[in-house]
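Enquirer: Sending over a structure as structure tokens; questions will come in a sec.
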């Protein structure tokens, strides 16, 4: 019974971390597409789960942000999310 409870709580924590990664990636991609890379990295720290890291890459007219984070109650498990946004006209390379 306790094992089921622990796994259930771990699953909820994992899903919550994933949703926060999705939100952080989306917000960071939007900011990076506007040319505001500094605020994009701060958004990942503020919106993402604890321990989240991100990478931002530009290719042509798009910006891709990948956010990864460990799941607190499940050692060895990492969740991630990717968001892509079109670069806004007039922003730098």
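The values are calculated or read from the model by the stated rules, or taken from the named source; none is laboratory data. This is a predicted model, so every value here is computed, not measured. Cβ sites come from the backbone with ideal geometry, for glycine too, and all protein chains shown count toward neighbours.
Enquirer: Looking at 49, 70, which one is under 21 Å from residue 9 (Cα atoms) and surrounded by fewer than 18 Cβ atoms within 10 Å (Cβ to Cβ)?
Expert: 70
Enquirer: Contact list please: Cβ distance under 9 Å, first residue in region 4-21 and closer than 15 Å to residue 76 by Cβ, second residue exposed (fewer than 12 other Cβ atoms within 10 Å of the Cβ) and modelled with pLDDT of 90 or more, pairs at least six apart or on different chains.
Expert: Final answer for the pair search is 17/50.
Enquirer: Taking residue 25 and the conditions (1) in contact (Cβ under 8 Å) with a residue 12 or more places away in the chain; (2) touching a strand residue (DSSP E or B) at 6+ places or on another chain (Cβ under 8 Å); (3) closer than 25 Å to residue 90 by Cβ; (4) surrounded by fewer than 18 Cβ atoms within 10 Å (Cβ to Cβ), which numbered condition does it fall short on, given that it satisfies the others?
Expert: Only one criterion is unmet by residue 25, namely (4).
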